Every structure is written in structure tokens, then in C-alpha cells.
Amino acid sequence: MPEVIKIEGGHTLEGEVTISSAKNATVALIPATVLAHGPVTIVGVPQIADVESLTKILNLLGVQVEERSSDHLIIDPTNIQNIDLVDDAVTKLRASYYFMGALLGRFGRVCMKMPGGCYLGPRPIDLHLKGFEALGAKVTYDKACYTIEAKELKGAKIFLDIASVGATINIMMAAVYAKGRTTIENAAKEPEIIDVATLLNKMGAHIRGAGTNVITIDGVDKLMGCFHEIIPDRIEAGTFLVIAAACAKKMVIKNIIPQHLDALTSKLQEMGVDMDIDVDRITIRHTDKLVATDVTTRPYPGFATDLQQPLTTLMTQAYGESKVVETIYIERFKHCGELQRMGANIEVSTGSASIKGPSSLFGTKVVATDLRCGAAMLVAGLLAEGITEIHDVYHIDRGYAEIDQKLKNLGAVIWRETIE
Ligand code: EPU
């Protein structure tokens, strides 16, 4: 039975929250383990629905997954079988496409359904496929399935037209066993890419330059198991920074890497948010008056597209006119329609939104149309007068670990109900 999240708004939050490990690293690290010829231990695995879907795919491949504790997985691909991935689990999330690069790298062949995930407008995977082709693979598409195969993968120089996170990671994984050297130019620089390269290097790969725009991969013969701890989730951390700025007296957000959040923290400071940034935590205190600001989303280290949605909710509370320009997914504005229904004053044009504030928000029925729209709705629900009822919460559960409990611990009044 589907669930809704209900929030009684208007309560002041206070306390500490510990951020979980990065969803967008985890969803690449898990598929990457199939490249190993031995058990890989991953620590800090967040309790999110995407991990369940990826574990199901591993099980289908005959990979053993042992859950040592709630956040500690031992993944053993020793008896892996490269079956066609046509199960519905593949379509539940976008990141299932990382099995393309990983299985192609390991077996020289992969056959899988089109991946799913949040609808943010068109999300092509042409750059992933071009990268595989550059390494010598042939790609065919039939009955909603991709088959990608190569007699032998050979290192190549690949220039990405767009610095795509997914294409960078997928090509990196496909290239670890390729003969010779692969160079990815105009590679994406997100911290999650460094985390995946770190895991692969611990397994025995030879990857240099992750985190810069040129990544070099020298093919090796065999990767082995290893131990890896996932980096903190900068998007979850950013979501809590926004929540704190919106409705906390004082909140300490722990287990974060502040540099990963520079683009957001400088915007929040521009808005007048009172914060102390420490080595692994940020403390936010209540501010009486927030002022409007403008953001333009950009690839890392620019302002993250995933954070513009929760930030839009905060902008409804700021004095003046704020503007969001979205350059990564120009249709990523569904949250604005939901916020308007709660009383926000927002005008959406192609690729941008103008927000006039401050507006009083009131609780009503809203939909989490995608994961970060869900985050925007949580912030709105905490601010609104009355009760906000969020539908399609499975989107939120795909990416935010134990969100209800974390908010309850801070004093939020939040609960779930099942609906027909
Ligand atoms: N693009 C192409 N062709 C491709 C690949 C990408 O045109 O082959 C375009 C996209 O349409 C987009 C831009 O390039 O306009 C950047 O897309 P990218 O490939 O970097 O995005 P992604 O890898 O599909 C990841 C995150 C997203 C996050 C984006 C941007 C994962 C699993 N997903 O997606 O996270 O918004 O990078 O930073 O890592 C989320 O967490 O809510 C989320 C959607």
C-alpha cells in the first residue's frame, strides 16, 4: 500500500544530525564491485531503496551479498554469471546503468533494459554509449534492451561533449581491464567520481586524475577485493543546511566535507544565514531576516542541480526576488508547481524560476514528483502552517536514509500513513 508523509509545520527545530553516506557514490560503488575477483567490503552503506534495488540486481547475477550490519555489506562476485538484466529492478533507478560499464569491463558483454530513475526531462545516455564504442564495443538496441559487446576492449582517447557524471564513471569502469591507456577528457569532477576511482584503485586498478577534467586509466589484468568506506552525502548535507536555515533555532550538521558544499554555503551566507563551518560539521543558528539571491546550476564545483530544488523552498522565505537558472536539467522545476499550491509566489520560464518572498506557506496535499522535489516538499512542510501531506514518497525513500527519524530527533512533527 502506498504511503504518504504528513508534517505538521511551524515547529522550531534544534539539535544535531549525522549525515549518511553519499547515495550517488553508493549507487556506482555497488555495481563497481562486480569487477573484483574477490569479496569487497563496503562500509557506511545508506539505508535507501536504491541500495535494495542494486542488491536485487547483484543477486540476479549470482553475486553473494552479506549484510554484516545495517550499513556494512560484503559483496562477493566470485560466482558471478553474466545474465541479461531484464528484471524490473533495473528500471527502478537510473544508476542501474553502471552495470553497463562494470559488466562490459568484466565480461566484454552486457545486455540490459533501459535504466529508470527520476524524470527530470530527457536524460540521454549517448555519451556513455559513445564511450563504450570508442573502447571497441558494438552497441545494439532492441525491444527496450541494450546489448553492448566487444571482442576486446582497447584503451582510447575519449572527449566528453558534456562533463557527464554517469558517462565518466561508466567509461572508467569499462576501461579498467581494457588493453592500454584510456584518457577521458572533459571528465566530470564530482566528489563521487573520486570515490569510485578510489575503490577501483584499492581493487588494483590504475586510475589517475579523478576529480580533475582529465582522467587516465591504464588497463590491468585482475582486480581483487578490498575494503571501502563511502564519502558523506553532500546533497543530503545540503538539504539539512537548507532545513536548518529555514526553521532551526540551532542545528549542528555532522559528518560532512564542507568543501563539497562551498557553492551552497556561500549562497546561504549571501542570504544572511548565520553559520560556523568547522572541519567536518556546520552549525547554523536562526536568522531573523533572509534576503533573496540568484543561483545558476553548474557541474561540480558549481552549484549542484540537486540542491536548487530544496533551496527554492528557502527562497520563498527570503525578502526580495530570487532567481534559479537551471543549466543541467532545464525541466527540473516540478517542485515549483507544488510550492505554488502551498502559497509560494513563483514564476517559471524555460530553464529558470523567479521567486518573490517572503510568502507564508500553508499545508496541503503535494506530490514528490522526483527525489529532490521531495526534499523541497519536506522543507516546505516544516515551514508551512497546518499539515502538509506528501504523496509518492517512494522517491524520497530512494535517496534519503532514515529521513523521518532524523527530522523527529530535531523536533519535527512528521509521520507516515498508508493510503488506498
Ligand atoms: N547528458 C547527455 N548525454 C549523456 C549523459 C548526460 O546529454 O549521455 C546530459 C544530461 O541530460 C544532463 C547533463 O548531461 O543535461 C549532465 O548529466 P549527468 O550525466 O552528469 O547526470 P547523471 O549522471 O545522469 C548524476 C546524478 C544526478 C545529478 C546529476 C548532475 C547519479 C545517480 N545521479 O546524474 O542526481 O542530478 O548527476 O549532477 O549520480 C539526484 O541525486 O537526485 C540526481 C538526479
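A short reminder: the numbers here are calculations on the coordinates, not readings from a lab. Being a predicted model, the structure only gives us computed values, none of them experimental. No Cβ is skipped: glycine too gets one built from the backbone with ideal geometry, and neighbour counts run over all protein chains shown.
For the reader, a short list of remarks on this structure follows.
- Protection proxy ranking of 332-344, 123-135, 310-322, by the mean of other Cβ atoms within 10 Å over each peptide's residues and highest first, is 310-322, 332-344, 123-135.
- Sorting the segments 373-384, 45-56 by their residues' average number of neighbouring beta-carbon atoms within 10 angstrom, most packed first, yields 373-384, 45-56.
- Amide proton proximity set for G386, modelled H, under 5 Å, gap of 5+: G9, G363
- Cross-link reach list, aspartates and glutamates versus K334, counting only Cα pairs under 17 Å and skipping chain neighbours closer than eight places: D306, E326, E347, D370, E389, D392
- Inter-part distance, segment 112-133 to segment 165-243, computed on C-alpha centroids, equals 18 Å.
- Each of the peptides 67-74, 401-408 was scored by the mean count of other Cβ atoms within 10 Å over its residues; in descending order, highest first, they stand as 401-408, 67-74.
- Assuming charge only on the beta carbon of Lys and Arg (+1) and of Asp and Glu (-1), the dipole of the chain about its Cα centre is about 900 debye to the nearest 20.
- Set K56/K267; K202/K250; K92/K130 screened for pairs whose C-alpha atoms are more than 30 Å apart: K56/K267; K202/K250
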